[in-house]
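This report concerns only the one structure given below.
The values are calculated or read from the model by the stated rules, or taken from the named source; none is laboratory data. The shown structure was predicted, so the numbers you read here are calculated from the model rather than taken from an experiment. A quick note on method: Cβ atoms are made from the backbone with ideal geometry, for glycine too, and the neighbour counts reach across all protein chains shown. Quick note on the areas: whole protein, heavy atoms, side chains included, nothing else; ligands and nucleic acids left out. Shrake-Rupley method; radii C 1.70, N 1.55, O 1.52, S 1.80 Å.
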Amino acid sequence: GDVSPPPSTVVGHTKTLAKITFNPSVVEQTRIARNGILGDFIIRYDVNRELSVGDVQILNGYFVHYFAPTDLPPLPKNVVFVLDSSASMVGTKLKQTKEALFTILQDLRPEDHFNIIGFSNRIKVWQQDRLVPVTPNNIRDAKKYIHNMSPTGGTNINGALQTGAKLLNDYIAQNDIDARSVSLIIFLTDGRPTVGETQSSKILSNTKDAIRDKFCLFTIGIGNDVDHKLLERMALENCGMTRHFQEDEDAASHLKGFYDEIGTPLLSDIRVDYPEDNVEQVTQNFFPNYFNGSEIIIAGKLINHTSDSLHVEVTASNSKKYILLKTDVAIDLPSRNDIRGVPGLEDGKGDKNYIERAWSYLTIKELLNSWLKSDDNQEKDYLMEKAKSMALTYNFVTPFTVLKMREAGLHAEPPQEEFISPSTDGIGEKLQSLQGHKAPPGIRRQQDNQRIKISKTSADGDPHFVIDFPSSNFSVCFNIDGEPGDILRLVSDHKESGVTVNGQLIGAPAPPTGHKKHRTYFSTITILSNKPERSYLEITPKRIILDDGERLLLSCDRSAIVQSSSLRMSISANSNITVTIRDTISFVILIHHYKKPALYQRDHLGFYISNSKGLSSDSHGLLGQFLNREVKLLQESLNTSRQQVGQNQTEALKPNPTNTLKVKGRLIPVVWKQRRIYNGQQEVDCWFAKNNADKLIDGSYKDYLASHPFDTGTSFGTINSL
């Protein structure tokens, strides 16, 4: 319960950097333990995180990229537990394994599927040829099965893994499972192979052939008799991780802790790209899975010293959605990332470029993993020499080097060369690097070249509405003087296309010279769709919530693309959001931020209809009712033909102020006006209808008030909810 740091611990930190030093004197060490300190120095920390491209730090020609988003819905899991029940598991080991599995089964989610295999010299599958869904009855029966497992016989590791891999492969092939669920095998043993195939190299090749890169294998070894190298290499070769626990440890809590690391997958198929002509020697940048609580770290060297920024793109899948996050990171950030001159952070011992050290650490770790996986002696020698050279250069203790102490002065010498059988156990266990590899080069930049298409039909500002009638060659505009808190129904087509758009107003004082009692702006735009499946978007100037059964939170200050089967959303940081539904309906929401807002200004949104082909002829709402409606101009200026009205008007050609529009048999007096909009034209000429669009719109303003942001009512007086 004591959260205070141990004696002599110094924590120096700035807003973006922390450095922890532990340097106890002999007296302080004796106070902690009579015979000196032997244990782990554990640092627990976290940073402010969101679904963004992550944190990229650059210093002196090196970069390190941390990616650890939170607030994502978990991906569904398909998991097979393969448990050793041989005679050597008798007693505490099997008891603790059962205890851990009882807790793990309870933590499975309703969308998960699972099965259990017990193995000794015989292999017993709990549910033949299938994975079962997580239900109270299935969890109860699984616990009974585990409870009744008894230790007997030898250890058929190869047969158990072949059975588990076939079970999972068949399930994936035969069932219509979500392509973006995560499949994995969790394998636990306390011994070495004694039955069936016992040669490690054959077991490794058989396992790799059976899994075929379709899912990941996570291995757990208990006790001193386990073939730790075999379990480690099996995990490395099949995008997994391994853990080893001693028999006298609290195996139950360790097993549960290991499962907690991999039990909540949030993203799959994560790929991080940088421009090929800007970087080199980049560490692993493709990862099959990202688990909650872990962190993806990538590092590399910059080669384009003339560039002032580094372009970064992260692509990933989250359940039914495809996500692309992108940003440009300024390269010249010495004041942010350089620790020189920062009190408590500079110790003068040559580690000023901590980013270069992070790159070297990750590179050495990858070399160790490659060494472990290689069967080629020449390649192993090359990898060992390279890892050893880097370790000596950057003063890292590795399996190829040893740290020697000078007794008299208690000073550490730099690491010296020494050969010890390598193992990556304990080296950055929480890093995802064990699960990734380098993706092929090539960054997708085509999205940056696309210009957004915005029509004049819009609701923006205070709020000013513009309706474009291309066939008639003119535009109509009107104002809506609503009250703060009002929710306006902009587009209502719930019954046909399934789409509804509502906008909520926020208030602000009116300018002293204005005629209004107050101003109103759109603070929230809600887009709802129920075809082919229910989903909604809730957009504010700061953040976006996308919910299609799984909630996704994104920030408006980070560029991103999210795509599902029927919806695509593209965020241009602090600028706009483009929403496309089934490729036939497109809306653009502009973000208006004020650096130094006046009293009457508020950060707000503008709503523009870019493509309305997918909306039906029955669509309604303040904007929607005009998308398929004919509007006629009955009287025109004596000096201007119909074809010219609304196009490049000049002061000399102002139309007659008594012009009239005819809409559904209703006559509406209109005046000529220039209106400021934000679709690239800045101003548009339009015929303005006064008095809250009286007679221009069906009914009155109050008929377009929604009761709440998710109200999908499509006719006056009707309220539905999505």
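The calculated FRET efficiency for the pair SER565 and ARG34, based on their C-beta separation and a Förster distance of 60 Å, comes to about 0.40. Across the cross-link table entries LYS542/LYS690; LYS214/LYS256; LYS495/LYS702; LYS124/LYS373, which are compared at the Cα atoms, the separations over 23 Å belong to LYS542/LYS690; LYS214/LYS256; LYS124/LYS373. Applied to region 594-599, the Karplus parametrisation 6.51 cos²θ - 1.76 cosθ + 1.60 on θ = phi - 60° returns per-residue 3J(HN,Hα) values of 10, 5, 10, x, 6, 4 Hz, with x for Gly and Pro. With 0.36 nm allotted per residue and the present C-alpha distance subtracted, the ASP703-SER617 stretch has 29.0 nm of extension available. For region 619-632, the Karplus equation 6.51 cos²θ - 1.76 cosθ + 1.60, evaluated at θ = phi - 60°, returns couplings of 5, 9, x, 4, 9, x, 5, 9, 5, 10, 10, 8, 10, 10 Hz by residue, with Gly and Pro reported as x. Mean separation of Cα pairs under 8 Å and 6 or more residues apart, divided by the residue count, gives region 169-254 a relative contact order of 29 percent. Summarising the amide proton neighbourhood of VAL90: residues at separation of 5 or more, or on other chains, whose placed amide H is nearer than 5 Å comprise an empty set.
Expected output is a single nm value to one decimal: the length gained when fully extending between GLU483 and GLN674, i.e. 0.36 nm times separation in residues minus the C-alpha distance. What is it?
66.3 nm
Full extension of the chain between ALA598 and ARG212 gives 132.8 nm of extra length, using 0.36 nm per residue less the Cα-Cα distance. Heavy atoms of the protein chains alone define the surface here; on that basis region 353-399 has 47 Å² accessible area per residue at 1.4 Å probe size.
Summing +1 for each Lys or Arg and -1 for each Asp or Glu among the other residues whose beta-carbon sits under 14 angstrom from that of ASP603 gives +3. Amide H to amide H, with H built 1.01 Å from N, HIS620 comes under 5 Å of SER492, ASP493, counting only residues 5 or more places away or on other chains. Among the chymotrypsin sites (Phe, Trp or Tyr not before Pro) in region 553-619, those located in a DSSP loop and surrounded by at most 14 other Cβ atoms within 10 Å of their own Cβ are TYR594. Amide H to amide H, with H built 1.01 Å from N, THR712 comes under 5 Å of ASN720, SER721, LEU722, counting only residues 5 or more places away or on other chains. A crude spin-label estimate for the pair TYR145 and PHE22, with each label 7 Å from Cα along the Cβ direction, gives 4.3 nm.
Of all lysines in the structure, the ones whose alpha carbon falls short of 17 Å from that of LYS456, not counting any fewer than 8 places away in one chain, are LYS613, LYS673.
Looking at region 95-124, which trypsin sites (Lys or Arg not before Pro) are in a loop (DSSP not H, G, I, E or B) and have at most 16 other Cβ atoms within 10 Å?
When the trypsin sites (Lys or Arg not before Pro) of region 95-124 are filtered for loop state and at most 16 Cβ neighbours within 10 Å, ARG122 remain.
Spherically averaged projected area of the convex hull of Cα atoms, region 353-399: 3.0 nm². Across region 123-193, the mean sequence separation of Cα contacts (distance under 8 Å, 6 or more residues apart), normalised by length, yields a relative contact order of 45 percent. Between LYS517 and GLN128, the modelled labels are 7.8 nm apart [label points 7 Å from Cα along Cα→Cβ].
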